[in-house]
Amino acid sequence: MSELAAHGVSVAYGRQRVLDQLSLHIGAGETVGLRGASGGGKSTLVRVLALVQAADAGHVSLDGVRITGARHHVPAAARTRIGVLFQSPRGATDPRLRLDDIVAEPLRATGYPDAAVRERVSELADLVGLTPDLLIRRPHAISDGQLQRACLARALAHRPGYLLCDEATAMLDASTQAHVARVLTDYQLESGAGILVVSHDQPLLTRWADRVIDLQPQTHEHRHAATSV
Amino acid sequence: MTTPRLSVDGLTVRFRLRTAVVHAVTDLSLTVQPGELLAVVGESGCGKSVLAHTLLGLLPRNATVSGRAVLDEDTSLLTGRLTGVRGRRVGLVPQSPATALNPVRTGRRLLEETLRAHGRPRTDADRVAADVGFDPIDLDRYPHELSGGMAQRLCTALALAPEPPLLIADEPTTGLDRPLVDHTLDLLRRRCDAGNTVILITHDLTAAQRVADRVAVMYASRIVEDQPTNALFATPAHPYTAGLLDALPDRGFRAVPGHPPMLTALPAGCAFAPRCTRANDACATMPNLSGPARCHHPLIEQEVAA
């Protein structure tokens, strides 16, 4: 079974429960849209699926194998199969690094040959539309949209099997948004990756996703309802 | 004749890097009236946010600025101290709420501090928060406990607390769901209807179409088109504007071919020419913005020949 799935995941911040026994799956080659109210737990769900945040209850499975639970033991091999584009690129990049080093981070972390790193970074930069003069700058010297494109290149660098895009195009203009959607769709066709697209933009989800899940606002009385739309 | 709220003339901003100069804003001129909502749109990195930071005197030391920007015909925004102007007369909703909020203070403390500094009672905090759709219960949370959309709304509340007559909102709807986007846009529109001025910097063309009176399109540091909103969406004059509109998911969902130029090596002529299907030899020289579009081959007839 090729899928990344959440099973009965619950997360609370203090007394506020943002996810309550939520289950969903992203199949290989599938683009799943996720929408819901601001503050409704979408980004929390992405972090849990990305294996960077432990759920209070429930677990995540990768290709049918349970890989994490509340104790949050995560095999390194599982992490490398999942790429993430976070909502805020400033919070997701090291301000001390140049863009080319940011893009190269997952390559170096996964033992990519040093000699080939530069070539792969250049290939990725070309793919996402980062010009050479941008690659040598640090995050403070470029716009959020440009930094998000660097994050896209970084997310694709190690060829993940699943890509989680948390409002990844929210800060991009229409043309760059269409370009990113094309880059990700081409990557999906080539690699068979499963993609989760979190967005408030209904026309975008209608155009891009195979199916859309509506994350209903959380109440203490009701379990989280992930409704296919 | 009404006094313009803001007059910008020939504004040029450069950033000196070790080995190059970034042409962030070039020869930018615009006038915004009281009660007007101007949207500034364009691809990421075209200079929209630099324009906002320039008008608030928030540029880094390696920036050089020339031209003129005058508030209410009596205050230069490019020379002198902006104490008493920044926040009070020109407000800013910053683009990155995650980095704009003090992480060691709760939302309530941040908002009360702003209100107090501008002579308003701290007890207004709940109302100011509620106005932007931020639940006052959440004011007692720290920034890291807020979602991206909640932090965005808190930043909007902080900018609106001093009730500045000119508000520059830099991507104020990023990360918000559609009802909250509409709520924020309606709030900005109401401010303009009450005689205030808003410059809405956004990449969200749908948002611009919903509330703006006028839309200025920026490309590679210059304004390439400036039209009333309805006219721009119905009959874009610049090929770049037409390309942007065609990229919308509910239109063609096709990216403008190619990529924006490097701002360190802009051509002498039209910077859009390498991506433009209408380009010819004439585009090797810079067109004037004498009609709605800065283009040698506009898609509609220019009122005044370029």
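The values are calculated or read from the model by the stated rules, or taken from the named source; none is laboratory data. Just so it is clear, the structure is predicted and the values come from calculations on it, not from any experiment. When we count neighbours, we look across all protein chains shown, and the Cβ atoms used for this are built from the backbone with ideal geometry, even at glycine.
Before moving on, here are some points about what is shown:
To keep it simple, each residue is scored yes or no on (1) under 9 Å from residue B:37 (Cβ atoms); (2) in the same structural domain as residue B:291 (by TED's automatic domain parsing); (3) surrounded by 18 or more Cβ atoms within 10 Å (Cβ to Cβ).
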residue	(1), (2), (3)
B:186	no, no, no
B:190	no, no, no
B:199	yes, yes, yes
B:203	no, yes, yes
B:207	no, yes, yes
B:212	yes, yes, yes
B:215	no, yes, yes
B:220	no, yes, yes
B:224	no, yes, yes
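- Verdict on residue B:120 being in a loop (DSSP other than H, G, I, E, B), within 30 Å of residue A:12 (Cβ to Cβ) and in contact (Cβ under 8 Å) with a residue 12 or more places away in the chain: no
- Condition check for residue B:147: within 14 Å of another protein chain (Cβ to nearest Cβ), over 20 Å from residue B:52 (Cβ atoms) and polar (S, T, N, Q): yes
- Taking segment B:12-31 as the range and being within 14 Å of another protein chain (Cβ to nearest Cβ), assigned to a strand (DSSP E or B) and aliphatic (A, V, I, L, M) as the test, the residues that pass are B:13, B:21, B:22, B:24, B:25.
- Subset of segment A:1-38 (residues that are among the aliphatic types (A, V, I, L, M) and within 14 Å of chain B (Cβ to nearest Cβ)): A:11, A:12, A:18, A:19, A:34, A:37
- Every listed requirement among (1) over 22 Å from residue A:170 (Cβ atoms); (2) outside the structural domain of residue A:164 (by TED's automatic domain parsing); (3) outside any loop (DSSP other than H, G, I, E, B) is met by residue A:102 save one, (1).
- Residue within segment B:244-257 that is at pLDDT below 95, more than 9 Å from chain A (Cβ to nearest Cβ) and within 27 Å of residue B:269 (Cβ to Cβ) present: yes
- Subset of segment B:39-54 that is surrounded by fewer than 24 Cβ atoms within 10 Å (Cβ to Cβ) and closer than 19 Å to residue B:188 by Cβ - its residue that is modelled with the lowest pLDDT: B:49
- Here the condition is being more than 25 Å from residue B:35 (Cβ to Cβ), surrounded by 16 or more Cβ atoms within 10 Å (Cβ to Cβ) and either outside the structural domain of residue B:33 (by TED's automatic domain parsing) or without any contact (Cβ under 8 Å) to a residue 60 or more places away in the chain (or both); of B:180, B:101, it holds for B:101 alone.
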